[in-house]
1. As an exercise, use a Förster radius of 41 Å and the Cβ-Cβ distance of N259 and E392 to find the FRET efficiency, rounded to the nearest 0.05.
2. Work out Dmax and Rg for the stretch 35-185 from the C-alpha atoms and quote the Rg first, both in angstrom.
3. If a paramagnetic tag sat 7 Å from the Cα of E437 along the Cα-Cβ line, which residues of the stretch 228-254 would have the backbone N under 16 Å from that point?
4. Please compute the length gained on full extension between Q507 and E527, using 0.36 nm multiplied by the number of residues separating them and subtracting their Cα-Cα distance.
5. Round to the nearest 10 and give me the degree value, 0 to 90, for the angle of helix 402-413's Cα axis relative to the longest principal axis of the chain.
6. Going by the alpha-carbon gyration tensor, a ≥ b ≥ c the square roots of its eigenvalues, is the stretch 245-430 rounded (a/c under 1.5) or, if a/c is not under 1.5, prolate (a/b greater than b/c) versus oblate?
7. Order of W189, W241 from fewest to most other C-beta atoms within 10 Å?
8. I'd like to know which of G415, S346, G319 lies farthest towards the positive end of the charge dipole of the stretch 245-430, counting +1 on Cβ of Lys and Arg and -1 on Cβ of Asp and Glu.
Amino acid sequence: MKILLSALHFGYLRNFDSVVALLAERGHVVRLLADEPDAFGGQALAEALVARYPARVSWGFAPSYEGERWFLVARKLRLGFDYLRFLEDPYFAFPKLHERLAERVPRGLLWLLSIPGVNSRPGRRLLRRGLAALDTAMPRNPAMDACLADVRPDVLLLTSITNPRAPQLDHLRSARALRIQTGISVYSWDHLSSKALIRVLPDRVLVWNDTQKREAVELHGVPAARVTVTGAQCYDQLFRWQPGQLREDFCRAAGLPPNRPYVLYVCSALTPDPREAAFVVEWVRSLRRSSDGRLRTVGVLIRPHPERRGEWDDVDLDGLGPVVVHGRTPFTPDARSDYYHGLAHSAAVVGLVTSAFLEAAIIGRPVLTLLRPELTKHQEGMLHFRYLLEVEGGLLQVARHLHEHCAQLSAALDGTGEWVAQQRRFLRAFVRPHGLEVPATDLFADAVEALGASESSEFEVADATSRLRPVVDWIVARSQDGRVVRPLLFDTREAEKQRQRSLRLAQHARDKHRRKRQRRQDRAERERALVGVRRQAMARKAAVKRRKVAVKRVKRREKRARLWSKRVERMTFLGSLIRKRIGI
């Protein structure tokens, strides 16, 4: 069977490499496809899989959508649709979902919502239907159609369809049009509750647990018969992993005292930016002020989130005791081993909201969190975080005050293991719902094979003669150079960027006009100065001429005087000769 596994970038393979390996070992051909390069080293995962299974696994990049003018419009419409969706129940109780989209939705939609009566439940429902109809009438990418027709996979497996930046929805539409079996795999624990809507139904949706199945059915409208619960395959290797490095050696390598326990703090991808580093520094200081002597001297290992490492560049940790910032993105085997050893050798794991909680629980570490009012929208204000508190009694040890958290952490340092039974109940429901001894990777591969052996369900493809296609074509055409449509499609950031650009252009025009005016003034000054110079030159020339004339006159007078003097001398001489001759 030929399987095409598509992701936004190869960093997503971190959660699917075990599935790719098992499918290759079962004799299937797997083609890995990424929509864009990644900045975290995910391509190394693809290359490692190809090196391990050269005859079964290959990788490449999907055809680009950059040349498709309609894709930008479609992405804007989809963001607008999701923004409207997050304004309704059950999302309205979680304001972060629509707040983080507010700067990315088209200004035209925000303007419509400002009209009285439009921002009501019926008005928003009407807008959603209009946006959905326009999205359905969007064309497909001919290059993607050709790619799928050339590869002709038995199954197209999409791993990033809920990412609003990814063109995975359009991959799905192309595959359904070609009657290729399609499946969607959930990448992480929060991707069905806080990301984009699954707008086109695939043949199968593979989820971790019954909670995600309920999300797929209730939040995304996927028929229950099309949802398969496999478990979280991305954590299978942790269930069978055993430490290969002594705790003392790991502590020395990380820069921590090997004779003391340490607490692992795992950072989160919090958006918008609340400066988690400042919170962590405050948290460490609270440990150092604790009445428990162990907390005053305990080591602290901080693992930054891969997307937010720069946040720690200017953080001063001096005077806080044994505290280190350590860890790389766990893509390579060495980086994963370092991450797992950091979890396994810790006395406890602390964080705000991160999937590392699940990994720590699998290894058997106590997992603690601190609920802060300024972070409510990132914790209790997110639907998926509540699963960590509610599913089978919850996973986390929760505190609302630092002194309460320190007491819980002191109890965790005792190492009684009283948290293990509760964690296993949670893992049994959320990570391995078919049993803690049943690997999810095997069930995932079974589901993919069953999908490839089944027949594709019926799918209606938007016809080019759709009544809305002319409207879509008009919007797409005006989105590039129109004076009305294009500004309406700008989101807040793009509008601000355009405003700044207009200000720069206006300032440039003013500067250009000022420079031109200054040049005219300078030219006039030069001309005036040149006239003065010319006048002075002419005056000097006239003076010289007058002097020359005067000199000539003097010379002529002197010459006439000399001539007259000579004439007088000659006449006097002749007179004297005449007198001599006549004897006078």
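Every read-out reported here was derived from the displayed coordinates using simple, explicitly stated rules and does not represent laboratory data. All values derive from a computational prediction rather than experimental measurement. Glycine also receives a Cβ, built like all others from the backbone with ideal geometry; neighbour counts cover every protein chain displayed.
1. Values: r = 37 Å, r/R0 = 0.91.
Once the sixth-power term is evaluated, E becomes 0.65.
2. Cα only, the stretch 35-185: 18.5, 62 Å (Rg, Dmax).
3. 239-240
4. Values: separation 20, 0.36 × 20 = 7.20 nm, distance 2.95 nm.
Contour length minus Cα-Cα distance gives 4.2 nm.
5. In the chain, helix 402-413 runs at an angle near 60 degrees to the longest axis.
6. Rounded shape, in that the Cα axes give a/c under 1.5.
7. W241, W189
8. The residue sitting farthest along the positive end of the dipole is G415.
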